[in-house]
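Report on the following structure.
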Amino acid sequence: MDRRPEEFDYLNSNLSEPFNKKIRIRSSEMFEAEVRERAKLLFNLRFSVEKAISRIRHNLEWEFDQTWNKSAPAILEQLDSIVRNHYSKMQGKLD
């Protein structure tokens with residue numbers, strides 16, 4: 001029987017488990033940096049900490065609306081503390 005090569009072999013992941021662990025850590029770091037950046041922007045726009053948390057949460061929930069992803073990103077669990085911590089550091093600064 002003649003077997004043709006698979007036309008779209010790039011659809012099959014061949015990533016190793018160590019690489020997957022590294023990518024998860026880098027992804028987590030990226031999300032934390034993104035949340036801090038959004039918090040900084042909303043702080044500079046004079047949003048209250050509660051409104052900033054709500055806006056960032058809603059944006060992330062919209063971005064990960066389970067259309068293509070099976071679960072919400074883990075950063076949502078840390079969102080409140082990251083934004084509150086960033087706001088406390090920014091109080092009184094002219095950034």
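The values are calculated or read from the model by the stated rules, or taken from the named source; none is laboratory data. Since this is a predicted model, take the numbers as computed values, not measurements. Virtual Cβ from ideal backbone geometry, glycine too; neighbours counted across all protein chains shown.
Out of the residues in segment 52-95 that are of a type in the set (Phe, Trp, Tyr) and surrounded by 15 or more Cβ atoms within 10 Å (Cβ to Cβ), state the one that is modelled with the lowest pLDDT. Talk me through it step by step, then tell me what you get.
Filtering segment 52-95 down to residues of a type in the set (Phe, Trp, Tyr) leaves 62, 64, 68, 87.
In the following step, the residues that additionally are surrounded by 15 or more Cβ atoms within 10 Å (Cβ to Cβ) were identified as 64, 87.
Values: Phe64: 83, Tyr87: 94.
So, considering only residues that are of a type in the set (Phe, Trp, Tyr) and surrounded by 15 or more Cβ atoms within 10 Å (Cβ to Cβ), the one modelled with the lowest pLDDT is Phe64.
Suppose we filter segment 11-58 for residues that are among the polar types (S, T, N, Q) and touching a Lys or Arg at 6+ places or on another chain (Cβ under 8 Å); how many remain? Please lay out each step first, then the result.
To start, the set of residues in segment 11-58 that are among the polar types (S, T, N, Q) comprises 12-14, 16, 20, 27-28, 44, 48, 54.
With touching a Lys or Arg at 6+ places or on another chain (Cβ under 8 Å) added as a condition, the list becomes none.
Residues in segment 11-58 being among the polar types (S, T, N, Q) and touching a Lys or Arg at 6+ places or on another chain (Cβ under 8 Å): 0 in total.
Could you check segment 59-88 and list, in sequence order, the residues that are over 11 Å from Glu32 (Cα atoms), of a type in the set (A, V, I, L, M, F, W, C) and over 12 Å from the mean Cα position of the chain (by Cα)?
Selection gives Trp68 alone.
When the residues of segment 37-83 are narrowed to those that are among the small types (Gly, Ala, Ser), in a helix (DSSP H, G or I) and without any contact (Cβ under 8 Å) to a residue 24 or more places away in the chain, which ends up nearest to Ser27 (Cα to Cα)? Outline the logic, then answer.
The initial filter retains those residues of segment 37-83 that are among the small types (Gly, Ala, Ser), namely 39, 48, 52, 54, 71-72, 74, 81.
Pick out the ones that are also in a helix (DSSP H, G or I) and you get 39, 52, 54, 81.
Checking which are without any contact (Cβ under 8 Å) to a residue 24 or more places away in the chain leaves us with 54, 81.
Details: Ser54: 22, Ser81: 18 Å.
Only one residue tops the list, namely Ser81.
Take segment 37-46 and flag every residue that is surrounded by 14 or more Cβ atoms within 10 Å (Cβ to Cβ) and more than 14 Å from Asn59 (Cβ to Cβ). Explain how you work it out, then say what you get.
As a first pass, look at segment 37-46 and keep what is surrounded by 14 or more Cβ atoms within 10 Å (Cβ to Cβ): 38-40, 42-43.
Matches in segment 37-46: Lys40, Phe43.
Keeping to segment 27-69, report how many residues are aromatic (Phe, Trp, Tyr) and closer than 11 Å to His86 by Cβ.
Of the residues in segment 27-69, the ones aromatic (Phe, Trp, Tyr) are 31, 43, 47, 62, 64, 68.
From what's left, closer than 11 Å to His86 by Cβ: 43.
The total comes to 1.
Restricted to segment 1-18, and to residues that are at pLDDT below 75 and either in contact with a Pro (Cβ under 6 Å, 6 or more places away or on another chain) or in a helix (DSSP H, G or I) (or both), which residue is nearest to Ile75 (Cα to Cα)?
Restricting attention to segment 1-18, the residues satisfying the condition of being at pLDDT below 75 are 1-15.
This time we only want the ones that are either in contact with a Pro (Cβ under 6 Å, 6 or more places away or on another chain) or in a helix (DSSP H, G or I) (or both), so: 9-11.
On the way: Asp9: 32, Tyr10: 29, Leu11: 27 Å.
Once the filter is applied, the top-ranked residue is Leu11.
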